[in-house]
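I have placed the structure first, in the form of structure tokens, so that the comments after it can refer back to it.
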Amino acid sequence: MPGHDIICLVGNIGINLLASTPAVATDVPGMSCSDIGSFARQIAQQKAEGVPIEDAVRGLRQSFGSGYSATQHELEKIVRAIYTIQIFSIAMPEEVGTAYETACEMG
């Protein structure tokens with residue numbers, strides 16, 4: 001059953017996220033779990049479109065302007081995790097976003 005396979009994949013991604021402390025951003029200042037999931041989904045989409053990690057990080061930093069806030073720091077962790085954790089190479093952007101939202105909700 002295709003739906004079951006997707007649920008298993010999302011569950012596995014969530015478990016991998018929870019097991020990898022730097023990849024879990026359960027406390028991004030000023031963002032809800034839904035916001036974190038949406039952000040992760042957007043980054044995964046950029047990755048799928050071939051945007052290099054350096055460009056994704058640069059774009060994030062430019063969006064925050066000068067300074068390095070706690071929010072920016074946590075979001076950069078998400079960007080780096082999405083680009084470097086192997087399981088994200090086979091996951092669709094929607095699945096990545098769902099996994100991050102779920103991991104956040106589970107705290």
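The values are calculated or read from the model by the stated rules, or taken from the named source; none is laboratory data. These numbers were taken from a predicted model, which means no experiment stands behind them. Every residue, glycine among them, receives a Cβ derived from its backbone with ideal geometry; neighbour counts consider all protein chains shown.
Among residues of region 64-91 that are closer than 18 Å to residue 29 by Cα, those with a Cβ under 6 angstrom from a residue that is of a type in the set (Val, Ile, Thr), sequence gap 6+ or separate chain, pair up as 71/28; 74/28; 79/43; 79/57. On the stretch given as region 11-49, residues that are part of a loop (DSSP other than H, G, I, E, B), modelled with pLDDT under 75 and within 11 Å of residue 100 (Cβ to Cβ) total 3. Scoring residue 52 on the criteria (1) crowded, with 18+ Cβ neighbours inside 10 Å; (2) modelled with pLDDT of 95 or more leaves a single failure, condition (1).
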